[in-house]
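Trainee: If you scroll down you'll find the structure; I have some questions about it.
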Amino acid sequence: MASHSRTELPDFVRRQYEFAAHIRDPEHRSAPADIEDRRMGIYRELFYNNVEGFMSGTFPVLRRILDDAAWHALIRDYFNRHRAHTPLFLEMPREFLNYLEHERSEHPEDPPFLQELAHYEWVELALSVADERLDPEQFDPEGDLMTGSPMLSPLAWHLAYRYPVHRIGPDFRPDAPGDTPTYLVVYRDRRDEVGFIEINPVTRRLLELVESEPGATGEELLLIIARELSHPQPEVVVEGGRAIFRGLHEKDIIPGTRRH
């Protein structure tokens, strides 16, 4: 089908484009000529305030560390530049992340951890509304994690960041990444409460193995780690891993052993 220029569109469609363009970027795009500015002002405020308010609630830490001018310039740029691919309000934060990752140009007022902090804050919302559930038919909550096959909860996401995003706030704004990555598990337990824990590289590796080796027992997974570490006393790694499993089980990160 041949494309049509904006001037070839029906008048009512062209006016809708003008209306939307002005709502997105009122400083640079004129409103339709025959609409009273007072009326347009209502729409300008309504649309922008809805987006800005929702983003403030979803990214509260990011909002607090940016001053008013920087925050509103960021949201206005998103509002103007990004073309969302879903009408669902709860998907808007994901759209904002897409904008930060692929469309946001460099701005001197942007902190270097902007994308990572936004992602970390988005994860909490994403987990709180995720459709997945802890299905008791898939795991035995009383199973022995050492002799059985541990199962990672579908509501536990282990994440790696260059910045310690869980510590960032108005009083802590790092200028450079940490010397080592920050490993976190953000999870939703069986009471539907969302929490997070910081983990070390060994626990991170253990969670990776739980996912990639679904038929292995907990003890076998820990022995793999002992071999990877070239540890002279594998039984020490196994005993330490027993405590790690216990802590992960208490938080429903590993809710039990797989039912075969």
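Trainee: Just to be sure I understand, how many residues within segment 185-223 are more than 25 Å from TYR161 (Cα to Cα), of a type outside the set (Gly, Ala, Ser) and in a helix (DSSP H, G or I)? Outline the logic, then answer.
Mentor: Step one: list which residues in segment 185-223 are more than 25 Å from TYR161 (Cα to Cα), which gives 190-191, 214-220, 223.
From what is left, the residues that are of a type outside the set (Gly, Ala, Ser) are 190-191, 214, 217, 219-220, 223.
Checking which are in a helix (DSSP H, G or I) leaves us with 219-220, 223.
Residues meeting the conditions: 3.
Trainee: Take LEU222 and tell me if it is surrounded by 15 or more Cβ atoms within 10 Å (Cβ to Cβ), more than 24 Å from SER128 (Cα to Cα) and not assigned by TED's automatic domain parsing to the domain that holds VAL61. Talk me through it step by step, then tell me what you get.
Mentor: Values: surrounded by 15 or more Cβ atoms within 10 Å (Cβ to Cβ): yes; more than 24 Å from SER128 (Cα to Cα): yes; not assigned by TED's automatic domain parsing to the domain that holds VAL61: yes.
Against the criterion (surrounded by 15 or more Cβ atoms within 10 Å (Cβ to Cβ), more than 24 Å from SER128 (Cα to Cα) and not assigned by TED's automatic domain parsing to the domain that holds VAL61), LEU222 qualifies.
Trainee: Please pick out the residue among THR217, THR203 that is in the same structural domain as LEU184 (by TED's automatic domain parsing), within 30 Å of GLU137 (Cβ to Cβ), crowded, with 19+ Cβ neighbours inside 10 Å and among the polar types (S, T, N, Q). Outline the logic, then answer.
Mentor: Numbers: THR217 fails: crowded, with 19+ Cβ neighbours inside 10 Å.
Every option except THR203 fails the conditions.
Trainee: Oh, and also: LEU184: in contact with a His (Cβ under 7 Å, 6 or more places away or on another chain) and modelled with pLDDT of 95 or more, yes or no? Show your work before the answer.
Mentor: Values: in contact with a His (Cβ under 7 Å, 6 or more places away or on another chain): yes; modelled with pLDDT of 95 or more: yes.
Answer is yes for this residue.
Trainee: Limited to segment 156-179, what total is found for residues that are within 24 Å of LEU206 (Cα to Cα), touching a residue at least 12 places away in the same chain (Cβ under 8 Å) and either among the basic types (Lys, Arg) or in a loop (DSSP other than H, G, I, E, B) (or both)?
Mentor: 4
Trainee: What residue, of ASP192, ASP171, is on the phi > 0 side of the Ramachandran plot and loosely packed, with under 14 Cβ neighbours inside 10 Å? It would help to see each step written out before you state the result.
Mentor: Values: ASP171 fails: on the phi > 0 side of the Ramachandran plot.
None of the other options fit; the residue is ASP192.
Trainee: Moving to a separate point now. Among the listed residues SER153, SER105, identify the single one that is of a type in the set (Ser, Thr, Tyr) and either within 18 Å of the chain's Cα centre (by Cα) or closer than 30 Å to THR257 by Cα (or both). Even if it seems obvious, please write down each step before you answer.
Mentor: Numbers: SER105 fails: either within 18 Å of the chain's Cα centre (by Cα) or closer than 30 Å to THR257 by Cα (or both).
On inspection, the qualifying residue turns out to be SER153.
Trainee: Quick one: in segment 174-189, of everything that is closer than 21 Å to ALA243 by Cβ and among the hydroxyl-bearing types (Ser, Thr, Tyr), which residue is surrounded by the most Cβ atoms within 10 Å (Cβ to Cβ)? Working first, answer last.
Mentor: Of segment 174-189, the ones closer than 21 Å to ALA243 by Cβ are 183-185, 187, 189.
Restricting the remaining residues to those that are among the hydroxyl-bearing types (Ser, Thr, Tyr) gives 183, 187.
Values: TYR183: 19, TYR187: 22.
Result: TYR187.
Trainee: At least 1 residues that are without any contact (Cβ under 8 Å) to a residue 24 or more places away in the chain and surrounded by 18 or more Cβ atoms within 10 Å (Cβ to Cβ) in each: list the helices (runs of 4 or more DSSP H) lying fully within segment 54-103 that qualify. Please lay out each step first, then the result.
Mentor: Details: elements: 60-65, 68-81, 92-102.
The helices (runs of 4 or more DSSP H) meeting that bar are 68-81, 92-102.
Trainee: For segment 111-122, check the following and say yes or no: at least one residue is of a type outside the set (A, V, I, L, M) and more than 22 Å from ILE65 (Cα to Cα). Lay out the reasoning, then the answer.
Mentor: Going through segment 111-122, the residues of a type outside the set (A, V, I, L, M) turn out to be 111-113, 115-116, 119-122.
After this cut, where a residue has to be more than 22 Å from ILE65 (Cα to Cα) as well, the list is none.
There is no residue in segment 111-122 that is of a type outside the set (A, V, I, L, M) and more than 22 Å from ILE65 (Cα to Cα).
Trainee: Name, by its number, the condition in (1) within 22 Å of ALA243 (Cα to Cα); (2) surrounded by 15 or more Cβ atoms within 10 Å (Cβ to Cβ) that does not hold for ARG162.
Mentor: (1)
Trainee: While we're looking at this one, here's another question. When segment 193-203 is examined, which residues are found to be in contact (Cβ under 8 Å) with a residue 12 or more places away in the chain and over 14 Å from the mean Cα position of the chain (by Cα)?
Mentor: Narrowing segment 193-203 to residues in contact (Cβ under 8 Å) with a residue 12 or more places away in the chain: 194-203.
Selection gives ILE197, GLU198, ILE199, ASN200, PRO201, VAL202, THR203.
Trainee: Could I ask something else about it? Return a yes/no flag: does segment 108-117 have any residue that is of a type outside the set (Phe, Trp, Tyr), at pLDDT below 95 and out of contact with any helix residue (DSSP H, G or I) (no Cβ under 9 Å at 6 or more places or on another chain).
Mentor: Yes, because at least one residue in segment 108-117 is of a type outside the set (Phe, Trp, Tyr), at pLDDT below 95 and out of contact with any helix residue (DSSP H, G or I) (no Cβ under 9 Å at 6 or more places or on another chain).
Trainee: Sticking with this structure for a sec: Right, PRO141: in contact (Cβ under 8 Å) with a residue 12 or more places away in the chain, assigned by TED's automatic domain parsing to the domain that holds THR180, closer than 30 Å to THR180 by Cα and of a type outside the set (A, V, I, L, M, F, W, C) or not? Lay out the reasoning, then the answer.
Mentor: On the way: in contact (Cβ under 8 Å) with a residue 12 or more places away in the chain: yes; assigned by TED's automatic domain parsing to the domain that holds THR180: yes; closer than 30 Å to THR180 by Cα: no; of a type outside the set (A, V, I, L, M, F, W, C): yes.
The answer is no for PRO141.
The values are calculated or read from the model by the stated rules, or taken from the named source; none is laboratory data. What you are looking at is a predicted structure, and each value in this text was computed from that prediction instead of being measured. In this analysis, Cβ positions are derived from the backbone assuming ideal geometry, glycine residues included, and neighbour counts consider all displayed protein chains.
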